[in-house]
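Below is one structure, written out as structure tokens, with a few remarks after it.
Just so you know, all these numbers are worked out from the coordinates, no wet-lab data involved. Computed from a predicted structure; not experimentally measured.
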Amino acid sequence: MGLGKEARKVPGSKMKILTKDAKQMVNGPYYCPKCRKELLQILANVYKKEVYAVCKCGVEWQLTYAPVFQPIDYYNKFRDAWKKQSYGIIKQK
């Protein structure tokens, strides 16, 4: 037979922790691959349709603007581009 509802239930305290971490990751700051600190920010100018990934260590990367993307989506695009640059596949603009 199957387990009862109590066996599958997630405790409320664990659920709050997971929600808090998820909200923090969506809003930033993000992990910078160069300085290895959580100082990277995603800055968007909707009127000029520009998005930048900027860190205090000097990393600045321009990304293409898409109105449906969240900051975490831009961060993932930045990480992909950074990895491709570090492997020599592409060069930064």
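Some observations on this one:
- Shape call, region 28-86: gyration tensor on alpha carbons, a/c limit 1.5: prolate
- Stretchable slack from Lys49 to Tyr31, in nm (0.36 nm times residue separation minus alpha-carbon distance): 4.1 nm
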